[in-house]
Amino acid sequence: MDIRILAKLVAARVGQEPVDLDEVLEALGVEISWLEKIKLVQSLEGIEAVYHAISGKIILKRANVARA
């Protein structure tokens, strides 16, 4: 699957509350490698990603956009 398309699908499922990338991918029925996950995270627009070292999970949250 094209990473750009997958990034749009993942971004559509991310809200203000933190969510585990693996759970989002599982809900979409997608299984990708660790390297592909990194490429996916880099392709996400308007989404913050944090690696939680203890659990080994990538946590996603919609980025706070400052309004003028």
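Quick check: anything in the range 37-46 more than 13 Å from residue 3 (Cβ to Cβ) and touching a Gly at 6+ places or on another chain (Cβ under 9 Å)?
No: zero hits.
Specify the residue that is surrounded by the fewest Cβ atoms within 10 Å (Cβ to Cβ); the eligible residues are those in the range 21-50 that are part of a strand (DSSP E or B) and out of contact with any helix residue (DSSP H, G or I) (no Cβ under 9 Å at 6 or more places or on another chain).
Only one residue tops the list, namely 50.
Please specify each residue of the range 51-60 satisfying the condition of being farther than 11 Å from residue 10 by Cα and either open to solvent by 50 Å² or more (accessible area, probe 1.4 Å) or in contact (Cβ under 8 Å) with a residue 24 or more places away in the chain (or both).
Filtering the range 51-60 down to residues farther than 11 Å from residue 10 by Cα leaves 51-59.
Of everything in the range 51-60, those that are farther than 11 Å from residue 10 by Cα and either open to solvent by 50 Å² or more (accessible area, probe 1.4 Å) or in contact (Cβ under 8 Å) with a residue 24 or more places away in the chain (or both) turn out to be 51, 52, 53, 54, 55, 57, 58, 59.
Identify all residues within the range 46-59 that are at negative phi and out of contact with any Lys or Arg (no Cβ under 9 Å at 6 or more places or on another chain); write none if there are none. Outline the logic, then answer.
Here is the first cut: in the range 46-59, the ones at negative phi are 47-55, 57-59.
52, 53, 54, 55, 57, 59 - these are the residues of the range 46-59 that are at negative phi and out of contact with any Lys or Arg (no Cβ under 9 Å at 6 or more places or on another chain).
Does residue 17 satisfy being among the acidic types (Asp, Glu) and outside any loop (DSSP other than H, G, I, E, B)?
On the way: among the acidic types (Asp, Glu): yes; outside any loop (DSSP other than H, G, I, E, B): no.
In short, no.
The values are calculated or read from the model by the stated rules, or taken from the named source; none is laboratory data. These figures come from a predicted structure and were not determined experimentally. Virtual Cβ from ideal backbone geometry, glycine too; neighbours counted across all protein chains shown. These accessible areas exclude ligands, DNA and RNA; they are computed on the full protein's heavy atoms, side chains included. Shrake-Rupley method; radii C 1.70, N 1.55, O 1.52, S 1.80 Å.
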